[in-house]
Amino acid sequence: MNEKETKRAKLRFDCEHDLTIRRAAIARCKEDTVFFIDNFAYTYDPRTGNATCPFILFPKQREVIAFFEDLYNQKRRGIFDKSRDVGATWLICAFLAKHWLFTEKFMGSVGSRLAELVDNAGDPDSIFEKIRMLIRALPNWLQPVGWEKASKIKLIVNPQNGAVIKGQVGDNMGRGGRSAVYFIDEFAFVERSKKVIAAVSNNTDCLIPVSTPNGTNNEFYRMKTSNVYPNISLHWKDDPRKNKWVLGDKIGYGWDAPHGAIYTWYERQCLDLDPVVIAQELDLDYSASIEGILIRSIWVRAAVNAHFKIPEIKGHGDIYAGLDVAAGGNNKSVLTIRQGSFTYQEIYRWGDLNPVQLAYTVDDILRKLGVKHLIFDSDGVGMGTSGAFDMIENKPYTVTPFHGASTEGLEDIVINGEDKTAKEKFYNNRAYAWGSLAERFRKTYAVIEGLADYPADELISIPNENTLITQLSQPTIKYSTNGKILLTPKNLLASSPDEADSLVYAFCQSMPVNWWDY
């Protein structure tokens, strides 16, 4: 028994024998979902020696619970994607059980595409059996009297406070009634998902679709990449139970494993599962089954905070900024800052500034951060911002417009190992700039995995920002009629990759002239 389990056992013992402590614990549980789970909830895992396990949250699980609570309190929608086997369903069950216990008249709902996934009595793989198991494992003084007798299939009732947890299936999800919060399980796999969303939208203000990825041609992916809904991811690398690594005869624990080390849990999954399943359900790669993806999700994940593993990445030299100018609607203007191969943690976003306001707002940030070079998208709506920057006097930084549709300058770039220029290989500047950024991600992945060695100035480190991570793997490539590499037009993507484009602009002035080997 570790220290947390010992403290948990002591609290439970004290509550059994001291009414004052019990009352204080109940009051704390009512106010703090994390406290309730960490001290009184149990999960079930038959793979362990003791199938019933204390539910002690690891840090990212705590973030997920806080995410649920924020959406619930603000009555908002949000998106939750997750790897398999990271306890995501148990988090949903524990959140619902807590409010069922302590929130009067609470109504929580769970929908899924199949009835047996929602409730199959006696089957711990079903959601409602998990909830029942969690409630049964609570101390008697926390369980409402008569709750099992009052409940039935797909319905768990708290007769003491009128709270209810309800399950629904398939196209009937959301039909009838109202819910304070509504989770849709594995939403990326639900057929007629638009119809389901329409129905559930009339049922609740707090809708939380949950899923592992299932490609990009579904409503879950569109919602995640829409820039409208807050979202959170629970990746297998967020789970400290999976951080054991091996390198030769060395064994260690932690996410700072040396280059070339193998994480044993992941390696075992790779032996048992299809590569596409690994990519989608473990690595959260929405593009795993899509041909022509330019920047693979696994490369992007490797680059998240890569400066921790490759300290040489940490910024050196001039500071650059990339600005993507919003085209209206749900799109945002985005400013990204980088120094060397290191991308700053803060990404700036604005959805309601006109060109002049945007230019002066960005100018203020650039001056404070000591930025020396700004590159921005000057095509289309960016033309107005270009004029606005011209109005600003005594700028301590250069301003370079980026013309994505142009091929200007590509004729001077010779492709490494090929007898052709970038203009002969790429359809336009946008395709070349994205391709060069893809090389940074590919090389970073190769260095971190111990597959190759590249200079730090050819790598990249990005912040752990869900929207940016998702957007980077959206664009695909194809070939024009004259054989040039062409990037997917923005209007054909699920959402405009504003944050990813901003990153592209921040790095495009540092593109070496002979390093493309895609």
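The values are calculated or read from the model by the stated rules, or taken from the named source; none is laboratory data. All of these numbers come straight from a predicted model, not from anything done at the bench. Cβ placement follows ideal geometry from the backbone for every residue including glycine, while neighbour counts extend to all protein chains displayed.
In region 288-308, is there at least one residue being out of contact with any Pro (no Cβ under 7 Å at 6 or more places or on another chain), modelled with pLDDT of 80 or more and among the hydroxyl-bearing types (Ser, Thr, Tyr)? Yes, because at least one residue in region 288-308 is out of contact with any Pro (no Cβ under 7 Å at 6 or more places or on another chain), modelled with pLDDT of 80 or more and among the hydroxyl-bearing types (Ser, Thr, Tyr).
Pairs meeting the criteria (first residue in region 111-132 and free of Cβ contacts under 8 Å to residues at least 60 places away in the same chain, second residue of a type in the set (Phe, Trp, Tyr) and part of a helix (DSSP H, G or I), beta carbons under 7 Å, at least 6 apart or on different chains) are Asp119/Phe128.
Restricting Arg192, Arg268 to residues that are surrounded by fewer than 15 Cβ atoms within 10 Å (Cβ to Cβ), under 30 Å from Gly292 (Cβ atoms), out of contact with any His (no Cβ under 7 Å at 6 or more places or on another chain) and among the charged types (D, E, K, R) narrows the list to Arg192. Give the residues of region 266-321 that are more than 29 Å from Thr476 (Cβ to Cβ) and among the basic types (Lys, Arg), sorted by residue number. Passing the criteria: Arg268, Lys314. State whether one or more residues within region 16-29 are closer than 26 Å to Gly162 by Cβ, modelled with pLDDT of 95 or more and under 24 Å from the mean Cα position of the chain (by Cα). Scanning region 16-29, I find no residue that is closer than 26 Å to Gly162 by Cβ, modelled with pLDDT of 95 or more and under 24 Å from the mean Cα position of the chain (by Cα), so the answer is no.
Among residues of region 15-68 being free of Cβ contacts under 8 Å to residues at least 24 places away in the same chain and charged (D, E, K, R), the one that is farthest from Trp141 (Cα to Cα) is Arg47.
Meeting the requirement of 1 or more residues that are of a type in the set (A, V, I, L, M, F, W, C), the strands (runs of 3 or more DSSP E) wholly within region 1-114 are 52-54, 79-82, 107-112. Scanning region 343-365 for residues that are part of a strand (DSSP E or B) and surrounded by 20 or more Cβ atoms within 10 Å (Cβ to Cβ) yields one hit, Thr343. Scanning region 400-451 for residues that are closer than 30 Å to His259 by Cα, modelled with pLDDT under 85 and among the charged types (D, E, K, R) turns up just one, Glu449. In region 225-263, of all residues being part of a strand (DSSP E or B) and not hydrophobic (A, V, I, L, M, F, W, C), the one that is modelled with the lowest pLDDT corresponds to Tyr263.
Quickly run through region 367-385 and pick out the residues that are under 20 Å from Leu468 (Cβ atoms) and aliphatic (A, V, I, L, M). Of everything in region 367-385, those that are under 20 Å from Leu468 (Cβ atoms) and aliphatic (A, V, I, L, M) turn out to be Leu369, Val371, Leu374, Ile375. A count restricted to region 160-219 and to residues that are of a type in the set (A, V, I, L, M, F, W, C) and in a loop (DSSP other than H, G, I, E, B) stands at 4.
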